[in-house]
1. In the calculated pair distance distribution of segment 5-154, what percentage of Cα-Cα distances lie above 19 Å?
2. Short version: ³J(HN,Hα) in whole Hz for each residue of segment 66-80, in order, from phi by Karplus 6.51 cos²θ - 1.76 cosθ + 1.60 (θ = phi - 60°), x for Gly and Pro, what are they?
3. Using only the Cα atoms of segment 190-235, build the gyration tensor, take square roots of its eigenvalues as a ≥ b ≥ c, and label the shape rounded, prolate or oblate: rounded if a/c is under 1.5, else prolate if a/b is larger than b/c, else oblate.
4. Rounded to the nearest Å, what's the spacing between the alpha carbon centres of segment 163-228 and segment 63-84? Just the number, please.
5. Give a residue-ordered list of calculated ³J(HN,Hα) values for segment 81-98 (Karplus: 6.51 cos²θ - 1.76 cosθ + 1.60, θ = phi - 60°; whole Hz; x for Gly, Pro).
6. Could you check which residue among N292, N180, N134 shows the biggest mean-square fluctuation in a GNM of the chain with a 10 Å Cα cutoff?
7. Let a ≥ b ≥ c be the square roots of the eigenvalues of the Cα gyration tensor of segment 157-322; is it rounded (a/c under 1.5), or, if not, prolate (a/b larger than b/c) or oblate?
8. Using a 1.4 angstrom probe with every protein chain in place, what is the largest-first accessible-area order of K164, K170?
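The values are calculated or read from the model by the stated rules, or taken from the named source; none is laboratory data. Not measured: the values here are computed from a predicted model. No Cβ is skipped: glycine too gets one built from the backbone with ideal geometry, and neighbour counts run over all protein chains shown. Ligands, DNA and RNA are excluded from the accessible area calculation, which covers all protein heavy atoms including side chains. Shrake-Rupley method; radii C 1.70, N 1.55, O 1.52, S 1.80 Å.
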Amino acid sequence: MTSPVRIAVTGAAGSIDYSLLFRIAAGEMFGPDTPVILQLLEITPAMDALEGVAMEIDDCAFPLLEDIVLTDEATKGFDGANLAILVGGMPRQSGMERADLIRANGPIFEGQGKALNEVAADDVRICVVANPCNTNALITMHNAPDIPNERFTAMTRLDENRAKSQLAAKAGVPVRSVSNMGIWGNHSNTMYPDFFNARIDGEPVPQVIDDHDWLKEEFISTVQGRGSAIIEARGSSSAASAANAAIDHARDWFKETPEGDWHAMAVASTGEYGVSEGLIFSFPVRCDGEGNYEVVEGIELNDFAREKIATTEKQLIEEREVVQDLLT
Ligand code: NAD
Ligand code: LMR
C-alpha cells in the first residue's frame with residue numbers, strides 16, 4: 001500500500017458526484033494499492049443531503065477509503081488536497097448553452113481558486129468539471145497564482161469518449177479499436193473532434209470510414225451537441241457518463257499514455273498551434289505516469305481543422321472577456 005491520496009470533490013451531494021464518489025472510493029481512479037481520503041465540499045443548504053451520501057459511502061465498507069471529510073468551507077475541503085475535482089455548480093437546462101452559466105458559476109471559482117492557493121498540497125492537480133468548464137478553470141487558475149499553470153485542467157474527456165463511441169458505431173468496430181481521438185478547444189458547441197488524426201485499428205479514420213460527409217458534418221455536430229441531446233432526452237444533464245469521464249481524466253493523468261496514443265484534456269495554452277496563450281484549451285496530450293502531461297506536437301492540421309480551431313478559440317477569448325473582473 002502507498003500513502004493515501006487526498007481527493008477534494010466539490011458539489012458532493014449533486015448528481016455527478018453520486019456516481020463519482022463511490023468509484024473513487026472503490027479504487028477506480030488510483031488503483032487497488034492506493035488508499036484515498038475523500039474531502040467533500042458542498043454549500044450549506046446541501047449539507048444534510050451530503051450526510052446521507054456519506055452514510056451510503058460508509059455502508060459500502062470500501063477497504064481503500066481511509067477517511068471522509070464533509071464540509072461547507074472551501075479551506076477545509078481543499079486542505080492538503082493532492083487532487084481537486086471541481087464539480088460544484090449549476091447545470092444548464094433545456095434551451096441553454098453552457099456559456100449561459102458563466103455569470104452564475106464563474107464567481108464560485110474565484111473563491112475556490114483562492115482557497116486552493118492557500119491550503120492545497122504542493123503537488124495539487126485540479127480538474128474542473130462544472131460548466132463552462134474551460135473558463136471556470138481559467139478563473140480558478142488566475143486566483144491561485146502560487147500553483148503552477150500546468151496543474152489546472154478542464155474536462156473534455158467526456159467529448160473524447162463520445163467521439164470514440166460514435167466512430168466505433170459507424171465503423172462497426174468495438175470502441176477499443178479507436179485511438180488518437182483529440183478534442184480541440186472549448187467544451188461547447190464549437191469544440192472540434194479531430195477525426196482526421198484519429199485512428200481505427202491503427203488506420204486513419206478517413207481511410208476506414210469512407211462517408212466523409214458524415215465525418216465532416218453529422219459526426220462533429222453529434223459530438224458537439226451530445227450534452228444538449230441528453231438534456232432533452234433525460235430532462236437533466238449527463239451524470240454517470242460525466243463521472244466516468246472524470247475517473248478516466250484523473251486516472252490517465254497519473255498513468256503513462258500508451259505509445260503513439262493521446263487523450264483530450266483542456267490545459268493552459270502556452271501558444272501551441274498558435275492558440276492564444278493562457279486560454280484553457282483542449283488539446284491532444286500525452287501523460288508521463290508522474291502526473292505531468294505534454295501537448296502532442298507536430299499533428300497535421302488541414303484548412304478544415306484550422307478553421308474549426310479558430311472558431312472555438314474565438315469563443316474562448318470571448319468567454320474570457322466576459323469574466324475579466326474575476327481574473328486577478
Ligand atoms: P447538480 O445540480 O446535480 O449538482 C451540483 C452540486 O453542486 C449541488 O449539490 C450544489 O449544491 C453544489 N454546489 C453549488 N455551488 C457549490 C459551491 N460553491 N461549492 C460546492 N458545491 C456547490 O449538478 P450536476 O449534474 O452534478 O452537474 C455539476 C456541473 O457539472 C454542472 O455545471 C454541469 O453543467 C457540469 N457538467 C460538466 C460536464 C463536462 O463534461 N465538463 C459534464 C456534465 C456536467
Ligand atoms: C455534457 O456535455 O453533458 C455536460 O457539459 C452537460 C451539458 O450541459 O451539456
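1. Numbers: 5541 of 11175 pairs.
The share of Cα pairs beyond 19 Å in segment 5-154 comes to 50 percent.
2. The phi angles translate into 8, 6, 9, 10, 10, 7, 10, 10, 4, 5, 7, x, 9, 4, x Hz.
3. Numbers: a/c = 2.62, a/b = 2.41, b/c = 1.09.
Prolate shape, in that a/c is at least 1.5 and a/b is the bigger ratio.
4. 37 Å
5. 5, 8, 9, 10, 10, 9, 9, x, x, 6, x, 7, 10, 3, x, 9, 9, 4
6. N292
7. Working: a/c = 1.17, a/b = 1.09, b/c = 1.07.
Judged from the Cα gyration tensor, segment 157-322 comes out rounded (a/c under 1.5).
8. On the way: K164 25, K170 90 Å².
Result of the area sort, largest leading: K170, K164.
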